[in-house]
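Data first, discussion second: the structure below is written as structure tokens.
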Amino acid sequence: MPSEGGGVRRTWAAKAGAGLRFLRRFTIPRQWLIAYLLLIVVPAGLFLYGYYERSAKILKDEVVRTMQQTLRQAGSNLSYRLEHIEDISNAAFMNGNLHSYLSIGPDDRSIAVQLQVIKDLRYLVDTVQSNSDVFRVRLFVDSSKLYAGERVNFFSLDSLKDRPWYTPIIGAGGGIVWTGDYEESYLDAGKLRVFSAARMLRDPNHFDRISGVLMIDVKESMIADILGDLQFTPGTQVYLVDASGTIVYHPDRTRIGTKVDSAVQDALKHGGEGSHSFKRGSDVNDVLYTTLSPVGWRLVAQGTDSQLSHRAVKLTQRSEWASLLEYIALFLALPFVLLAIIVRGMNRRVKQVITVIRKEGSEGLNELSPVNGDFHMLERSVDHLIIRVRTLVEEKYKAELHEREAQLQALQAQINPHFLYNTLDTINWIAIGKGASDISQMIDSLAKYFRLSLNKGRTIVSVEDELRLAQVYLEIQQSRFPNTFAFELDVQPGVEACQMPKLILQPIVENALLHGIRKAKGKRGLIAISAREDNGDLLFVVSDNGIGMDEGLVRQLLTEALPEVRGDGDGGGSSYGLFNVNERIKLYAGDEYGIRIVSELGAGTTVMVRLRAKREEL
């Protein structure tokens, strides 16, 4: 019994074969596939690429716009917080007690006064520091003040003079000056990074005298938290730049206090807010910025083109892939289905055409339901092809009829009653006049002629037999018409073994005798027959010195079959059979072969026969 595994394998093989046969039914011609790729897939791919690029640009612009709005909102929040600090500074600055306390001269050093000043200033400082945005209030006063060495909220003015922002503070004349992000050491809190809103305080009694500096410190975290909440793509740098192009805040603290790139500086000059692109090396950088109104700083978001568009790509990647798959299905799967339907329809129509042709012939195509386009052209082409094939078959049939007619005419000429009668009559007279030996010779020649012409029904004979047939024919005619003509044979050695259709030379020789020499009265005729091989061809030349023909008759002999002209008892039954002989040669050897006639009235005729040289295969 066969194993179960073998049965499963055969089942799978059968299914696979059925699947392959099914797929072959939908096979698309290679030309169609190439045309489809060049005319549909490639343009569609270019269109999709352009669409993707335009979509990516639009999405990037949308993301940039969204980021600009986010940056503007963050700038507004940060401006509000800084304005609030400035409002607190202004409120403290407007406190009259502050200025009066700071203007107390060095002469007023009573302990009671000093303690009251410290108490009131402490209350002012605590009030300001009660605000959640304020980390520390610091007053820098003359070192002669008792509380100048407190170093928590009160400091010596001299300790501020070595700071880089001291000169801008004094130069502002009481206006608020914001410091950048810097590190400060506090006795009670250690080292912290802060921003400070500082302003100079003047002595109200002596306006040209500096009584102190008020500084309100804000933790760096206040700004860092606002900027850290921005949902920008990884790699995007968000920082603050002052009017001179110095970075006052940056997540990378090593950048604080450095100048921004000149390209960024140029971009920041294009208004209070906006976006600008510039090229750095092989990367395209985008800069988005907005202005913080109270301090004049610029809030900047900087990133490369790929970083800023990353969010757009990330947000739309899924939809883009889905769209791409849909387009692939549209431009690949659907056309294949349509082509498969078209191919099936074509197969069905072709089967109908073949069935109709087999049953009813090409005439039945007219009964099929009409179709448009290529199928109509295909059916008409098939119709024309069938008609052409039928025409060729008919032409071949007619050619074969011509060949049979030529053979029949030759046979009829051989067994023509007039010919037999005259031959037998001549034999009789010879027997009477000369004796039995001549009768025997005549009968022997006649027997040879019939034997060679019939040749056991074969249509292809050797050159030797064909020449022998012509020779026997002429010998018989010499017996009939003694002393009227002579003949000679010139045969190249070796050509006798070549093969050729039979009854080619005999009609030509007969024409030469009956229509050339016999009609030349009072003139002894000569028929010359030569056979040789010429460049792979057989060349026969039959010449006579008879009456000849005019040029018009020569052309007519090879272009149309002339009606038979019966002889007057001289055996002229075959008339001009050269047309049929020429057609037989062309059917046998090809159109480049055949008969050529050269003739001149009164001088004679030469007939040249050219055949393909073939030897009998052993």
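Once the C-beta distance of Arg122 and Glu62 is scaled by a Förster radius of 56 Å, the resulting FRET efficiency is 0.55 to the nearest 0.05.
The calculated FRET efficiency for the pair Arg524 and Thr559, based on their C-beta separation and a Förster distance of 25 Å, comes to about 0.15. Stretching Tyr397 away from Ile342 to a fully extended chain increases their span by 15.7 nm, per 0.36 nm per residue minus the current alpha-carbon distance. Proximity of backbone amide H atoms, modeled 1.01 Å from N, is registered between Phe487 and Ile527 at under 5 Å, excluding neighbours fewer than 5 places apart on the same chain. Normalising the average separation of contacting C-alpha pairs (under 8 angstrom, six or more residues apart) by the number of residues puts the relative contact order of the range 95-224 at 26 percent. Each 5 Å bin from zero up to the one holding the largest Cα-Cα distance in the range 481-556 carries the following percent of pairs: 3, 13, 22, 22, 16, 14, 8, 2, 0. Computed over the alpha-carbon atoms, the range 95-224 gives an Rg to Rh ratio of 0.95, Rh here being the Kirkwood radius from the mean inverse distance.
Extension gain for the segment Arg612 to Ile460, taken as residue separation times 0.36 nm less the Cα-Cα distance, is 53.4 nm to one decimal. Annotation: peptides 64-72, 468-476, ranked by per-residue average of other Cβ atoms within 10 Å with the highest first, follow the order 468-476, 64-72. Where does the Debye-calculated log10 I(q)/I(0) of the range 193-288 sit at q = 0.11, 0.12, 0.13 Å⁻¹, using only Cα point scatterers of equal weight, no solvent? For the range 193-288 at q = 0.11, 0.12, 0.13 Å⁻¹, log10 I(q)/I(0) is -0.49, -0.56, -0.63.
Say R0 is 35 Å: what FRET efficiency, to the nearest 0.05, do Thr484 and Val389 get from their beta-carbon distance? Efficiency, from the Cβ-Cβ distance: 0.10. Scattering from the C-alpha atoms of the range 195-237 alone, worked out with Debye: what is log10 I(q)/I(0) at q = 0.15, 0.33 1/Å? Values, matching the q order: -0.57, -1.05. Give me the one-decimal nm value for the distance between modelled label points at Leu187 and Ser282, 7 Å along each residue's Cα-to-Cβ direction. For the pair Leu187/Ser282, the computed spacing is 5.9 nm.
Pairs over the 29 Å Cα-Cα cut-off, from the set Lys398/Lys519; Lys398/Lys614; Lys191/Lys259; Lys259/Lys279; Lys398/Lys521; Lys145/Lys191: Lys398/Lys519; Lys398/Lys521.
Over every Cα atom in the range 146-204, the radius of gyration and the widest Cα-Cα span, Dmax, amount to 12.3, 35 Å.
Values quoted throughout were computed directly from the atomic coordinates according to the rules given, and no laboratory measurement underlies them. Just so you know, these numbers come straight off a predicted model, no measurement behind them. Cβ coordinates were reconstructed from backbone atoms using ideal geometry, including for glycine residues, and neighbour counts include every protein chain displayed.
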